[in-house]
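Notes follow once the structure below has been shown.
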Amino acid sequence: MKNEKRFRFKPLPCFILIEVILVLILFLCGFRITYSPSLENSWNAISTVASWASVFVSGLAIYYAIQVPKRIAEDQNKITLFEKRYEVYKTLTDCFAFAFMLENTDVPDNQCLEIFHIVFNENARLNDNTTKLDRMRTYAEVQNKLKMAEHLFGTEIAGEIALLLANLLLLIQTVENDTDVKKRQRVYIEQSKKVESTCEPQIKGLLALK
């Protein structure tokens, strides 16, 4: 059975082999492909073919001249979109980090705003003696970045992020007014966890460059 499969007849290779052998035999017998002097050149036909060939080549050149810049522009748009989405995502991770610190460290109520300032400002340090204006300016920067989510990730994700922003603002105002800070912290932490569990996987999926 194995030998039968090995030497099974294959029509296409055999046909090609036969053609090659026939051509070789004809060549050895003196047959040649030659130009007949009696044939008359048609310069009009040659000119027409050349014109059509130039039109075809010009068409290809125009096509690639259009497609190449278009492809470059599309790639640049994808990169720009990625950068904007990543900026929102990075700010969101700062929100998650702030919630994690509130939940897992024993932060006194009077230091809550200092932690907020440190998390959202790369060069900030503890005991920077920040003012209310500094903190509100920091919140405004966070808000401006996260507000882009509506245009970058859709209304569903943007709605959850907007709620997270509202709870963050309420927490800041609660600390400023010395009211029930722990309650506002719990609400903020819960919303942060919800955004992290439901929205973050979708955001990561949209960050992929395709």
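The Cβ shell under 15 Å around LEU152 holds other residues with a net charge of +1, Lys and Arg each +1, Asp and Glu each -1. For ALA162 and ASN110, the FRET efficiency from 1/(1 + (r/R0)^6), where r spans their Cβ atoms and R0 equals 30 Å, is about 0.60. Shown for region 83-210: the carbon plus sulfur share of the solvent-accessible area, taken with all protein chains present and a 1.4 angstrom probe, equals 49%. Along the axis of the charge dipole computed for region 78-193 (Cβ charges of +1 for Lys and Arg, -1 for Asp and Glu, origin at the Cα centre), the listed residues LEU171, ILE79, SER192 are led at the positive end by ILE79. With R₀ set to 45 Å, the beta-carbon distance separating THR198 from ILE66 gives a calculated FRET efficiency near 0.60. Here the simple spin-label model places points 7 Å from the Cα toward Cβ, and for ASN129 and SER54 these points are separated by 8.2 nm. Pairs exceeding 27 Å between alpha-carbon atoms, taken from LYS147/LYS193; LYS78/LYS132; LYS132/LYS182: LYS78/LYS132.
Near THR198, once Lys and Arg are set to +1 and Asp and Glu to -1 for all other residues with Cβ below 13 Å from its Cβ, the sum equals -2.
Kirkwood Rh over alpha-carbon pairs of region 86-171, then Stokes-Einstein at 20 °C and 1.002 mPa s: what D in µm² s⁻¹, rounded to an integer? Rounded, D is 159 µm²/s. Relative to one another, the C-alpha centroids of region 62-83 and region 162-210 are positioned 36 Å apart.
The values are calculated or read from the model by the stated rules, or taken from the named source; none is laboratory data. Everything quoted here is computed from the prediction, not taken from an experiment. Counting neighbours? That spans all protein chains shown, and the Cβs are built from the backbone with ideal geometry, glycine included. Note: areas computed on protein heavy atoms with side chains; ligands, DNA, RNA excluded. Shrake-Rupley method; radii C 1.70, N 1.55, O 1.52, S 1.80 Å.
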